Amino acid sequence: MKTIPRRNQHGSVLVVGLLITFILGVTLASYLILVRGQNLSVVRSQTWNSAFALSEAGVEDALAMINKYSGNFEMLHNWTNPASLDADNWETIAPNVYKVRRNIGPDYYDVYVTNGVINRPTLYSIGTVTWVPTYASRTQRGFLAAVGVPSPKTTLSRKLDVLTRMDPLFNFALAAVNVIELNGNDVATDSFDSTVADYNTGGMYDPDKNKAGGDVVSNDTIRNALNVGNAEIKGSVKTGPKGTVGIASGSVGDEAWVDGGNMGIQDGHFTDDMNVVWDPVLPPTNALWLPVSGPAGVLSGYGGYDYYFTASGDFEVHGNSISKGILIGTNVHVRLKVYAGDIKITGSGEIRIPANSSLKIYMAGPQFSIAGGGVVNESGYAVNFQYYGLPTNTRIDFQGNGDFTGCIYAPNADFYLGGGGSGRVDFIGSSITKTVTLKGHYNFHYDEALGKFGPRRGYTIISWSEVGWNEL
């Protein structure tokens, strides 16, 4: 006996098959839409981040341009020179406004530098990125999104507004790239301000009008990067990240803390966030260096000195050591470059600078040693004697009993301070060297006027903000 299926059973199977197929289709379509949306989100995020990276690259480009003469401290402003701008493909588009565009494949950044406020250039950087692939652009709505029609917009821009300033070169009483060892007796630091009447007497340091700005800092990141020992630091101490400070019976803090006989470091007077790049020194390139043996304005052997400068100018000593000293004339301002030979002042020798004169030494020789009468800066202003050690200058020695007033910048030199006998030696000004080893009786008095009016080391960022974005 044969059974004949009913026609309505065939129809049910067909309907069930179609329903299952529809469900599978909807599921697959939903998955594909989800994948497409995820891909859109990823590519859009990558493009967004790439635009910001381009903006940052523009800022770095502008910082490199305005800091082109870092290390050549007397020519920091020279980046605005047309020849300097042309050499880096920058163009002047308005008074004190400069622009460059750099292409990186299909992407690019535009950077504008506005120098309207002296020593505070503003940087405006726009990074523009092309969307790849094009369907990963702004999400469409309705039917266009369903069929995957790409947006006609194909680029995205992000913008950064950056403010800068010229950073002081001499910001601390005592600073070093690496280790500082304060092993002497009666070592102390503080500060004063030669331009504010309440904190000086006749422009000179007065212990009764001092301040607690005698900071001592090391850029090093090791254990005991800074050894305070028994020193009294009226100010703060700093090291590089994770560096530590060694201290015996010393004291670090404000005036009340130190004068109150407290030992150790007062809360808030130690940080490990030092991260400063001290550029190698370059002698000024705007100088016509004259040999000291030739031109008028220099007398050799006068009054027992190696050189007596009677006229202002730029001079160089090539290969000869200086041992008897240097005398600067009245109303004379000298820049002196020393090649190869050392400066070793001994016996009754000295470097003497009258009150209304100045001396800047650019030292290429390996050693600068001061004993004898030391450096006699009659003005009492540290800025009137500036010492710059070039990369080949690797050692500085202070062994005399005379006070020192001046500024020392020699980031490749080890600085040794001994001598002083049983009395204290006053070091007025600021010092930056590779290392510091102190075994004498020294008091360091930082002149805060150096931070306001002294030499500058370059431009640094003081604020950074994103000012908007757009898809073009």
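Some points to look at:
- Neighbour counting of Cβ atoms within 10 Å sorts the residues LYS439, LYS211, LYS452, fewest neighbours leading, into LYS452, LYS439, LYS211.
- Counting neighbouring beta carbons within 10 Å and listing from fewest to most, the residues ILE408, ILE126 come out as ILE126, ILE408.
- For GLN399, the shell of other residues with beta-carbons less than 13 Å away shows a net charge of +2, using +1 for Lys and Arg and -1 for Asp and Glu.
- Mean projected area (nm²) of the alpha-carbon convex hull when the stretch 285-375 is viewed from all directions: 5.4 nm²
- Overall form of the stretch 165-307: prolate. Here a/c, set by the Cα gyration tensor axes a ≥ b ≥ c, is 1.5 or more, and a/b is the larger of a/b and b/c.
- Lysine pair count for the stretch 174-454 [Cα-Cα under 25 Å; pairs on different chains or 8 or more apart]: 26
- The distance between label points at SER312 and ASP426 comes to 2.8 nm (points 7 Å beyond Cα on the Cα→Cβ vector).
- Charge-dipole axis of the chain as Lys and Arg at +1 and Asp and Glu at -1 on Cβ define it, positive-most pick from PRO391, THR346, LEU336: PRO391
- Nearest-0.05 FRET efficiency for ASP206 and ILE104, computed from C-beta distance (R0 56 Å): 0.45
- Taking other C-beta atoms within 10 Å as the exposure proxy, VAL332, VAL228 rank VAL332, VAL228 from fewest upward.
- Rough spin-label spacing in nm, given labels placed 7 Å along Cα→Cβ, for ASN49 and SER249: 5.7 nm
- Summed residue charge, Cβ within 12 Å of GLY458's Cβ, Lys/Arg positive, Asp/Glu negative: +2
- Spatial separation of Cα centroids for the stretch 77-115 and the stretch 372-413, in angstrom: 39 Å
- Of all DSSP-defined beta bridges confined to the chain, some 35% are antiparallel rather than parallel.
- DSSP-defined beta bridges in the stretch 174-454 - what % are antiparallel, rounded to 5: 5 percent
- Pairs of Cα atoms in the stretch 273-320 fall into 10 Å distance bins, from 0 up to the last occupied one, in shares of 21, 39, 20, 13, 7, 0 percent.
- Here the translational diffusion coefficient of the chain follows from Stokes-Einstein with Rh set to the Kirkwood radius across Cα pairs; for 4 °C and 1.567 mPa s it amounts to 49 µm²/s.
- Viscosity 1.306 mPa s, 10 °C: Kirkwood-radius Stokes-Einstein D of the stretch 174-454 over Cα pairs, µm²/s: 83 µm²/s
- Between the helical axis of 7-66 and the longest alpha-carbon principal axis of the chain there is an angle of about 20 degrees.
- Segment HIS77-ILE118, extension gain: residue separation times 0.36 nm, minus the distance between their alpha carbons: 13.8 nm
Values in this text are rule-based calculations from the coordinates and carry no lab data. Not measured: the values here are computed from a predicted model. For neighbour counting, all protein chains shown are included, and Cβ atoms are generated from backbone atoms with ideal geometry for every residue, glycine included.
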